[in-house]
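**Q** Below you will find the structure I want to go over with you.
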Amino acid sequence: MIVLDTSAVVALARGHRALHHLADNMAHTPGDWLHVPALCLMYAESQEKGIASDVLALPGVLVDPLTQTAAATAGAMHRDGWGGPDVCHTLYVATPHQETGGMSIILTGRENDYPPGILTVDIDSPGMLGFH
């Protein structure tokens, strides 16, 4: 599973080439989605008007809701210093769950926001996911 954090959502809405290619590829692969935690979408929209509608209009994007369990878990993570609410919701979505299987990849422009052991890929790294 590939998860976009707030910085990646903003970059996608602003036309980040590699992320757009990835979203297009996901849209053409049955059952694959770019996962956007709801709090990341909220934080991105709070930074710039229209980001949420731009991202939601793209095929291949799925917003992961802030369920009761997600809210309680992300809240505990935030309280314990794992990061802001959006980072904690990203961590919750990316953590292996029974229905999702193994660890996810978090695409981000802020790799330092995440603790060691979390698989992150900088959206601007050379060759990010095979795109240059």
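The values are calculated or read from the model by the stated rules, or taken from the named source; none is laboratory data. Source: prediction; values computed, not measured. Cβ: placed from backbone, ideal geometry, glycine included. Neighbour counts: every protein chain shown. Just the protein is used for accessible areas: all its heavy atoms, side chains included, with ligands, DNA and RNA removed. Shrake-Rupley method; radii C 1.70, N 1.55, O 1.52, S 1.80 Å.
**Q** For the chain, which whole-number percentage of the solvent-accessible area (1.4 Å probe, protein heavy atoms only) is attributable to carbon and sulfur atoms?
**A** 56 percent
**Q** Karplus couplings for region 104-115 from phi (6.51 cos²θ - 1.76 cosθ + 1.60, θ = phi - 60°), rounded to Hz, Gly and Pro as x?
**A** 8, 9, 9, 8, 8, x, 9, 4, 5, 6, 10, x
**Q** What accessible area per residue comes out for the chain, rounded to a whole number of Å², with a 1.4 Å probe?
**A** Working: 6800 Å² over 132 residues.
Accessible surface, normalised per residue, equals 52 Å².
**Q** Compute the angle between helix 17-27 and the longest alpha-carbon principal axis of the chain, please, reported from 0 to 90 degrees and rounded to the nearest 10.
**A** For 17-27 against the chain, the angle is about 80 degrees.
**Q** Could you tell me the center-to-center distance, by alpha carbons, between region 61-80 and region 16-44 in angstrom?
**A** 19 Å
**Q** Report which label in [x] 13.8, 39; [y] 14.3, 46; [z] 15.7, 46 holds the value of Rg and Dmax of the Cα atoms in Å derived from the coordinates of this structure.
**A** Of the listed options [x] 13.8, 39; [y] 14.3, 46; [z] 15.7, 46, [x] comes from this structure.
**Q** Report, in deg cm²/dmol and to the nearest 500, the calculated mean residue ellipticity at 222 nm for the chain, where each DSSP H run with n ≥ 4 adds -39500 (n - 2.57) and the sum is divided by the residue count.
**A** Result for the chain: -12500 deg cm²/dmol, rounded to the nearest 500.
**Q** Here is a further query. Within a Cβ distance under 9 Å of residue 51, other residues only, what is the Lys/Arg minus Asp/Glu net charge?
**A** Once all neighbours under 9 Å are counted, the net charge is -1.
**Q** Would you mind checking the tilt of helix 68-79 against the longest principal axis of the Cα atoms of the chain, expressed as 0 to 90 degrees and rounded to 10?
**A** Approximately 80 degrees, to the nearest ten.
**Q** Compute the Cα gyration tensor for region 3-55, then decide on rounded, prolate or oblate, letting a ≥ b ≥ c be the square roots of its eigenvalues: rounded whenever a/c is under 1.5, prolate when a/b is larger than b/c in the other cases, and oblate in all that remain.
**A** It is prolate, given that a/c is not under 1.5 and a/b is the larger ratio.
**Q** Using a 7 Å offset from the Cα along the Cα-to-Cβ direction at both residue 24 and residue 56, what is the distance between the two label points in nm, to one decimal?
**A** 2.5 nm
**Q** Continuing with this model, one more query. Quick one: which residues, 5 or more positions from residue 63 or on another chain, have an amide H under 5 Å from its amide H? H modelled 1.01 Å from N in the peptide plane, none for Pro or chain starts.
**A** 36
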